[in-house]
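The values are calculated or read from the model by the stated rules, or taken from the named source; none is laboratory data. A quick note: this is a predicted structure, and the numbers were derived from the prediction, not measured. Note: ideal-geometry Cβ built from the backbone for every residue, glycine included; neighbour counts use all protein chains shown. The area values use the complete protein model at the heavy-atom level, side chains included, leaving out ligands, DNA and RNA. Shrake-Rupley method; radii C 1.70, N 1.55, O 1.52, S 1.80 Å.
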Amino acid sequence: MEREILRLGAPRSGPLLLVSPGHVLGYDPLLKVARWVCERLVQDGSGSARAHGRRPGFRADPRLSPQAAARPFDLRGSGLNRGHLAAAANATCRRSLQFSFLMSNVVAQPAAVNGGVWRRLEGRARALAASGPIRHCTSGPLFVPRVEADGSVALHVPLVGASRLPVPTHLFKLLVYPGKGGRLTSEAFVVRNGPENGAEALRECAVTVEELERLSGLRLLPRVRRRKLHQLTAADL
């Protein structure tokens, strides 16, 4: 029965997997934004995009169809920054730097967030990588409903530019690295993505992996047994 029903193929759904030098991402062609971007930060990371030559310009990802791809000019005049998910400063070679400037690796961010708490999170990741490899760094956008004054729940997502790119309500970053006693240590953060945000301390943004999964709808670290994962809390930061 199933074979007959689907003999012309099932509709494809879920994110498109795009593999790049330095990062892998799951891209949502409807929203025109990555749902998640994974990296592995190592000790020999440059810490500066300038180490790999002239800064590239942003460009549409040529692996995506014109209908699915975000374009560099989509955020022009919006007052929003083109924020990296896999940071350009994490690039270990010229090619990985170039791929970090594809729009598939970009989300709309207010300047205060991009240059504030998000930059500090990127710096923390590189500081941890300087003393040992970060085995898993995942970043992405969140679209979180809010409770209105009348008690109803609504999701407000502005759409900007000709491609109608969504502006996430929040952003997340998950870091996993070797800890003591053979266990892995994790740090999970959720950042508000509003123009009034950006000055928060990292400890104010700390959450559990379980809370991050609830907000994102993603199953994170599926190959890691939670009892072998030491989760840092706000008190540890």
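Which number in (1) farther than 14 Å from Thr138 by Cα; (2) at pLDDT 95 or above; (3) surrounded by 13 or more Cβ atoms within 10 Å (Cβ to Cβ) marks the one condition that Glu213 misses?
Checking Glu213 against (1) farther than 14 Å from Thr138 by Cα; (2) at pLDDT 95 or above; (3) surrounded by 13 or more Cβ atoms within 10 Å (Cβ to Cβ), the one that fails is (1).
Just give me the residues in the range 15-28 being open to solvent by 50 Å² or more (accessible area, probe 1.4 Å) and either touching a strand residue (DSSP E or B) at 6+ places or on another chain (Cβ under 6 Å) or free of Cβ contacts under 8 Å to residues at least 60 places away in the same chain (or both), in sequence order. Steps first, please.
Within the range 15-28, the subset open to solvent by 50 Å² or more (accessible area, probe 1.4 Å) is 15-17, 19, 22.
Result: Pro15, Leu16, Leu17, Val19.
Looking at the range 183-210 only, could you name the residues that are open to solvent by less than 40 Å² (accessible area, probe 1.4 Å) and part of a loop (DSSP other than H, G, I, E, B)?
Asn193, Gly194, Asn197, Gly198, Glu200, Ala201
Consider Arg219 carefully, then state whether it is of a type in the set (Lys, Arg) and in a loop (DSSP other than H, G, I, E, B).
Yes: the conditions hold for Arg219.
Give me the pairs: first residue in the range 54-70 and in contact (Cβ under 8 Å) with a residue 60 or more places away in the chain, second residue open to solvent by 90 Å² or more (accessible area, probe 1.4 Å) and charged (D, E, K, R), beta-carbon distance under 7 Å, and six or more apart or on different chains, which are they?
none
I want to confirm something. Restricting to the range 107-148 and keeping residues that are touching a Phe, Trp or Tyr at 6+ places or on another chain (Cβ under 7 Å) and open to solvent by less than 30 Å² (accessible area, probe 1.4 Å), which single residue is farthest from Gln67 (Cα to Cα)?
So the residue we want is Gly132.
Applying the selection to the range 66-106, what residues are of a type outside the set (A, V, I, L, M, F, W, C) and either assigned to a strand (DSSP E or B) or open to solvent by less than 50 Å² (accessible area, probe 1.4 Å) (or both)?
Residues of the range 66-106 that are of a type outside the set (A, V, I, L, M, F, W, C), as a first pass: 66-67, 71-72, 74, 76-79, 81-84, 90, 92, 94-96, 98, 100, 104-105.
Within the range 66-106, Pro72, Asp74, Ser78, Asn81, Arg82, Gly83, His84, Asn90, Ser96, Ser100, Ser104, Asn105 qualify.
Given the condition under 22 Å from Thr169 (Cα atoms), in contact with a Cys (Cβ under 6 Å, 6 or more places away or on another chain) and not hydrophobic (A, V, I, L, M, F, W, C), answer yes or no: does some residue in the range 101-117 qualify?
no
Within the range 1-43, considering only strands (runs of 3 or more DSSP E) that don't extend past its boundaries, which have at least 3 residues that are small (Gly, Ala, Ser) and either out of contact with any Leu (no Cβ under 7 Å at 6 or more places or on another chain) or within 21 Å of Leu171 (Cβ to Cβ) (or both)? So that I can check it myself, show each step before the final result.
Values: elements: 16-20, 23-28, 33-41.
No strands (runs of 3 or more DSSP E) qualify here.
Quick one: in the range 49-94, of everything that is over 20 Å from the mean Cα position of the chain (by Cα) and basic (Lys, Arg), which residue is modelled with the lowest pLDDT?
Among residues in the range 49-94 that are over 20 Å from the mean Cα position of the chain (by Cα) and basic (Lys, Arg), the one modelled with the lowest pLDDT is Arg50.
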